[in-house]
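Step one of this worksheet: look at the structure below.
The values are calculated or read from the model by the stated rules, or taken from the named source; none is laboratory data. Given the structure is predicted, the values throughout are model-derived calculations rather than measurements. Note that each Cβ is placed from the backbone with ideal geometry, even for glycine, and that neighbours are counted across all protein chains shown. Heads up: the accessible areas ignore ligands, DNA and RNA and are worked out on the full protein's heavy atoms, side chains in. Shrake-Rupley method; radii C 1.70, N 1.55, O 1.52, S 1.80 Å.
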Amino acid sequence: MLPVLAGPALAANGHYVPGVEGIKGALVPPPGVYYRGYLAHYDIDSLRNDQGNKLPQNNTGSVSALVNRFIWMTNKKVLNADYGVEAIIPLQQTTLDFDISGIDRRERGVGDIFVSPMVLGWHGQQWDAVLAAGMWLDTGDYSGTEPASIGKGFRTTMLTLGGTYYPDAAKSWSFSALSRYEIKSKQDDTNITPGDSWLVEWGVGKQLDSGLELGLIGYNAWQLENSKGAPAGKMAKHALGVEGSYFWPSLMLGLNVAYLGEYEVQNGPSGDLLRLTLTHVF
């Protein structure tokens with residue numbers, strides 16, 4: 001049985017959804033209060049086995065989410081870095097139509113909430129870096145017999161490390177990489193402990209004189225070890241895409257639009273992701 005049937009999601013067996021950050025994804029903003037709203041829609045077109053081959057049955061579905069992220073970067077310094085905290089509250093709807101097991105389900109609700117007591121951001125003349133740590137809480141509804149459950153049924157400690165490099169003095173070009181390492185707790189309802197996972201989101205961007213920024217983005221995500229208490233099998237996801245963004249200083253608003261298509265998936269759902277991100281600076 002594929003792990004996806006024990007709780008399908010966009011992630012590689014964890015909580016974090018790859019592809020929600022792209023160009024300059026490792027950039028931490030200066031001191032202030034920020035809201036980021038991620039509107040994401042993931043279309044599942046197939047299920048893939050351990051070798052990445054498509055299962056012969058018709059297995060489709062979708063996951064739509066409005067993810068609300070609140071960031072407070074303080075005026076305090078820690079290790080010579082800007083210090084901040086953040087919280088994420090996702091609203092999600094999952095729809096599944098899997099012939100492999102006769103699943104035809106739809107669930108919606110508030111997903112698992114993320115809190116981080118530590119976000120550190122460093123800023124150099126032509127680079128930026130981030131180090132952060134936080135936890136996904138098991139606040140969303142979960143049932144081991146409901147594959148469309150909104151919650152995961154376990155907690156995840158997530159560690160973040162990333163950087164952005166600007167090769168030109170004007171910072172019109174950017175190369176960024178943002179990594180997340182996830183360590184999971186036991187899923188009480190099933191006694192399964194999902195294996196650790198690691199992912200990297202990357203982006204190459206060019207800002208035009210008009211202020212419009214365009215670029216290539218992608219992600220690579222791996223489950224690093226077999227889950228304890230479950231059949232052997234590790235998930236992996238790889239995708240490429242494009243992104244465009246624009247910021248209106250007079251409104252203190254930014255908008256990002258991105259599309260990513262998964263070109264290789266193992267042991268899980270395969271599809272494409274459309275994302276809109278609205279940023280407001282208070």
Evaluate segment 223-244: report whether one residue or more is loosely packed, with under 15 Cβ neighbours inside 10 Å, without any contact (Cβ under 8 Å) to a residue 24 or more places away in the chain and more than 18 Å from residue 44 (Cβ to Cβ). yes
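Just need a number here: residues in segment 99-150 that are free of Cβ contacts under 8 Å to residues at least 12 places away in the same chain, under 20 Å from residue 28 (Cα atoms) and open to solvent by 40 Å² or more (accessible area, probe 1.4 Å).
First, pick out the residues of segment 99-150 that are free of Cβ contacts under 8 Å to residues at least 12 places away in the same chain: 102, 104, 124-125, 145.
From what is left, the residues that are under 20 Å from residue 28 (Cα atoms) are 124-125.
Restricting the remaining residues to those that are open to solvent by 40 Å² or more (accessible area, probe 1.4 Å) gives 125.
Residues flagged as free of Cβ contacts under 8 Å to residues at least 12 places away in the same chain, under 20 Å from residue 28 (Cα atoms) and open to solvent by 40 Å² or more (accessible area, probe 1.4 Å) within segment 99-150 amount to 1.
Among the residues of segment 200-210, are any outside any loop (DSSP other than H, G, I, E, B) and over 18 Å from residue 26 (Cα atoms)?
In the first step, residues of segment 200-210 are kept if they are outside any loop (DSSP other than H, G, I, E, B); the result is 200-207.
Then keep just the ones that are over 18 Å from residue 26 (Cα atoms); that gives none.
Scanning segment 200-210 turns up no residue that is outside any loop (DSSP other than H, G, I, E, B) and over 18 Å from residue 26 (Cα atoms).
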Residues of segment 107-152 that turn out to be outside any strand (DSSP E or B) and of a type outside the set (D, E, K, R), as a count: 17
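If you check 220, 191, which single one turns out to be on the phi > 0 side of the Ramachandran plot and open to solvent by 10 Å² or more (accessible area, probe 1.4 Å)?
191
So that you can scan it fast, the table gives a plain yes or no per residue for (1) under 17 Å from residue 112 (Cα atoms); (2) in contact with a Leu (Cβ under 7 Å, 6 or more places away or on another chain):
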| site | (1), (2) |
| --- | --- |
| 187 | yes, no |
| 191 | no, no |
| 210 | no, no |
| 227 | no, no |
| 239 | no, yes |
I'm checking my understanding of the structure. Among residues of segment 1-31 that are open to solvent by 20 Å² or more (accessible area, probe 1.4 Å) and either farther than 21 Å from residue 268 by Cβ or polar (S, T, N, Q) (or both), which one is modelled with the lowest pLDDT? 13
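Under the condition of being closer than 19 Å to residue 149 by Cα and not in a loop (DSSP other than H, G, I, E, B), which residue from segment 180-198 is nearest to the chain's Cα centre (by Cα)?
Our first condition is that a residue be closer than 19 Å to residue 149 by Cα; within segment 180-198, this holds for 184-194.
Pick out the ones that are also not in a loop (DSSP other than H, G, I, E, B) and you get 184, 187, 192-193.
Details: 184: 16, 187: 21, 192: 22, 193: 20 Å.
Among residues in segment 180-198 that are closer than 19 Å to residue 149 by Cα and not in a loop (DSSP other than H, G, I, E, B), the one nearest to the chain's Cα centre (by Cα) is 184.
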By residue number, the members of segment 47-77 that are part of a strand (DSSP E or B), open to solvent by less than 40 Å² (accessible area, probe 1.4 Å), within 19 Å of residue 97 (Cβ to Cβ) and out of contact with any His (no Cβ under 7 Å at 6 or more places or on another chain) are 47, 59, 61, 63, 65
Pairs, first closer than 30 Å to residue 213 by Cβ in segment 176-198, second among the basic types (Lys, Arg) and at pLDDT 95 or above, C-beta under 6 Å, six or more apart: 176/24
